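Engineer: Handing you this structure, nothing more for now.
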Amino acid sequence: MHRSSWIVAGAALLVRAIASSPQRLMLYAALGAVLGLGLLTKATMLPFVAAVFIILAVPLLRSRKDADGAARTLAGLAILAAVTLAISGWWYVTKYLETGSWIGSHDVAQMEAHGGLIAGLLKNADLRELARIPWLLVQSFLWAGTWSFVFPPRIALFALVATTGLIAFGALLVMRRKGPGRDGWLALVTLGLFVAALVRHALVLATTGSGIAAWYLHAFAPVLASLVALCLTGLAPIRGAGRWLPVLLIYPLLFLALATAINTLFFAGCGTTLPNLRYFDLASAAGCATDLTATYRNLAVLSLPGAFVPLFAAGWLLCFTGVLAALNALRANAHTSIVSTR
């Protein structure tokens, strides 16, 4: 799990706590500490921090007649901002003074050297590459930005893209009927701001002709998980969902096992990528994939395979157990709904 994910998960829990007890100003201070630490890990936390402030500021619009409630919310937001800036603000100010960019981005400096965003795009951008930005952003979330730039068989990625599309469709069904709820809004605002930031950075990279990859969306998995929950509740009532919904939930776990096996072989020196492509050549690993001793020895140079194997197996089994529990709960709810309508 990405280190930023732990910070995002902690911040999301504190947002829930503040929503339940908005009068406890210490919760705002704790949230500010978590967000400040997050901003010190990566500047990609900025969209999430902005989303948190937006979600927490919404009660101000609803408490126009409640002066005490509005004052309390303003005080909490002021504490949140002060603590966040006290912990992380110095780094961004330093980078601005050193580079002219608040996030100290080398890519932004290169863009400015090419005359800025518009001038750089007119000079260096490739229209075909620009058209691939949406696909590359999705691909980076599903694979490249999270793991390595060695891809599994293409069909495996396409199936995962279809799974993501079904998740989005199911979440949309629930949001149209009941609204996204607080957790859903936090996920949607985070997703919207971060995708906008990724697209902008992809354009920044395109100004220099150095590529258009941009990623780290996976760091926000703890928040985006609420959209998966909305998806399940949205798809479960659909007729026949009991037959294909298990595939929707189990396939990502099978993909994870395949992806991990491919990375294990590749970093152990067993197998190569296809010529001029990043896709893993399974045939090239046929001669060494069963030599577990050599695989372990090679991996030990880079990492701790003795710890990785049991930890990964335990995590995978916990995920699989959670999937089975979710399927049982969905079946029980569907049965209850059917009985109640008779």
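Engineer: Can you report the number of residues in segment 232-258 which are closer than 30 Å to Ala43 by Cβ and either at pLDDT below 80 or hydrophobic (A, V, I, L, M, F, W, C) (or both)?
Structural biologist: Filtering segment 232-258 down to residues closer than 30 Å to Ala43 by Cβ leaves 252, 255-256.
Now narrow it down to the ones that are either at pLDDT below 80 or hydrophobic (A, V, I, L, M, F, W, C) (or both): 255-256.
Number satisfying all stated conditions: 2.
Residue-wise test of (1) of a type in the set (D, E, K, R); (2) farther than 30 Å from Ala19 by Cβ; (3) modelled with pLDDT under 75.
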site	(1), (2), (3)
Arg154	yes, yes, yes
Val161	no, yes, no
Thr164	no, no, no
Arg176	yes, no, no
Phe194	no, no, no
Ala197	no, no, no
Arg200	yes, yes, no
Ala206	no, yes, no
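Engineer: Can you tell me which residues in segment 237-269 are outside any helix (DSSP H, G or I) and crowded, with 20+ Cβ neighbours inside 10 Å?
Structural biologist: Ala268
Engineer: Look through segment 190-203, keep the residues that are among the hydrophobic types (A, V, I, L, M, F, W, C) and surrounded by fewer than 21 Cβ atoms within 10 Å (Cβ to Cβ), and return whichever of them is nearest to the chain's Cα centre (by Cα).
Structural biologist: Leu191
Engineer: How many of the residues in segment 1-45 are of a type in the set (D, E, K, R), touching a residue at least 24 places away in the same chain (Cβ under 8 Å) and farther than 14 Å from Ala221 by Cβ?
Structural biologist: 2
Engineer: Another question, if that's okay. Could you check, for segment 9-21, whether at least one of its residues is in contact with a Leu (Cβ under 6 Å, 6 or more places away or on another chain) and farther than 21 Å from Leu193 by Cβ?
Structural biologist: yes
Engineer: Mind telling me which of the residues Val108, Val8, Val93 ends up being surrounded by fewer than 16 Cβ atoms within 10 Å (Cβ to Cβ), in a helix (DSSP H, G or I) and among the β-branched types (Val, Ile, Thr)? Give the derivation first.
Structural biologist: Details: Val108 fails: surrounded by fewer than 16 Cβ atoms within 10 Å (Cβ to Cβ); Val8 fails: surrounded by fewer than 16 Cβ atoms within 10 Å (Cβ to Cβ).
Residue meeting the stated conditions: Val93.
Engineer: From Leu14, Leu27, which residue is closer than 26 Å to Phe141 by Cα, modelled with pLDDT of 90 or more and assigned to a helix (DSSP H, G or I)?
Structural biologist: Leu14
Engineer: Is there any pair with a first residue in segment 303-317 that is assigned to a helix (DSSP H, G or I) and a second that is surrounded by 11 or more Cβ atoms within 10 Å (Cβ to Cβ) whose Cβ atoms are under 6 Å apart and which are 6 or more apart or on different chains, and what are they?
Structural biologist: These pairs meet every condition: Pro305/Tyr296; Pro305/Leu299.
The values are calculated or read from the model by the stated rules, or taken from the named source; none is laboratory data. Since we're looking at a predicted model, the values are computed, not measured. Cβ coordinates were reconstructed from backbone atoms using ideal geometry, including for glycine residues, and neighbour counts include every protein chain displayed.
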